[in-house]
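The values are calculated or read from the model by the stated rules, or taken from the named source; none is laboratory data. Since the structure is predicted, the reported quantities are computational estimates derived from the model, not experimental observations. Cβ: placed from backbone, ideal geometry, glycine included. Neighbour counts: every protein chain shown.
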Amino acid sequence: MEAMQAHVTLRQIDAYRFEVRLDRPAEWTTEMDEPAPLGKEVGPNAARMLAAAVGHCLSASLFFCLQKARVSVENIETDVTATIRRNERGRWRVAALDVRVQAHGVAPEQAEAFERCVGIFEDYCIVTASVRQGIPVTVQVQRV
């Protein structure tokens, strides 16, 4: 079976603040932190990074399909809301992700090809498909 790997290294800077180094290229770094009162919010927390990963993967998958179908789009804007609530044991969990994708500038004569892409693009988003195994993810796509 074919496989790929992605490698991320986290190094504690201070309390809940970590430097995140991504494997490729070596200069990709960011910081993550927890919201107050635990952290100082100098970077996103894990729930926000998860929401960003799902949003990016869906946006990129839709764009890829539109490119393949020769549907021109001015830009794509994606809004992701992560609902975080306590589970039955009182532990905080990402309970749901709600994604709204807006594709700007799709010509009316390309609406049929656009709708074909809307019908299949989610299946090609590896992050969303993986997350859906444990977290409900709803997706709405709109031409604007």
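Structure summary
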item: Selected residue (only one of Asp23, Asp33, Asp14 is outside the structural domain of Thr83 (by TED's automatic domain parsing) and over 24 Å from Val127 (Cα atoms)); result: Asp14
item: Any pair with Cβ under 9 angstrom, 6 or more apart, that starts in segment 102-126 at a residue that is in the same structural domain as Ala52 (by TED's automatic domain parsing) and over 16 Å from Val144 (Cβ atoms) and ends at one that is among the acidic types (Asp, Glu) and outside any helix (DSSP H, G or I); result: none
item: Failed criterion for Ser72 (all others in (1) under 30 Å from Gln5 (Cα atoms); (2) loosely packed, with under 15 Cβ neighbours inside 10 Å; (3) of a type in the set (Ser, Thr, Tyr) hold); result: (1)
item: Some residue of segment 83-95 being of a type in the set (A, V, I, L, M), in contact with a Ser or Thr (Cβ under 9 Å, 6 or more places away or on another chain), at pLDDT 95 or above and surrounded by 11 or more Cβ atoms within 10 Å (Cβ to Cβ); result: yes
item: Residue among Arg91, Arg85 that is touching a Phe, Trp or Tyr at 6+ places or on another chain (Cβ under 9 Å), assigned by TED's automatic domain parsing to the domain that holds Leu50 and under 16 Å from Gly134 (Cβ atoms); result: Arg85
item: Total residues in segment 101-144, condition farther than 17 Å from Asn75 by Cα and not in a helix (DSSP H, G or I); result: 9
item: Test set (1) surrounded by 13 or more Cβ atoms within 10 Å (Cβ to Cβ); (2) part of a strand (DSSP E or B); (3) in contact (Cβ under 8 Å) with a residue 24 or more places away in the chain - Asp79 fails condition number; result: (1)
item: Test: residue in segment 64-73 that is in contact (Cβ under 8 Å) with a residue 60 or more places away in the chain and under 17 Å from the mean Cα position of the chain (by Cα); result: yes
item: Gln133 being of a type outside the set (D, E, K, R), exposed (fewer than 12 other Cβ atoms within 10 Å of the Cβ) and without any contact (Cβ under 8 Å) to a residue 12 or more places away in the chain; result: yes
item: Any strands (runs of 3 or more DSSP E) falling wholly within segment 1-62 and containing at least 3 residues that are crowded, with 16+ Cβ neighbours inside 10 Å, touching a residue at least 12 places away in the same chain (Cβ under 8 Å) and out of contact with any Pro (no Cβ under 7 Å at 6 or more places or on another chain); result: 17-22
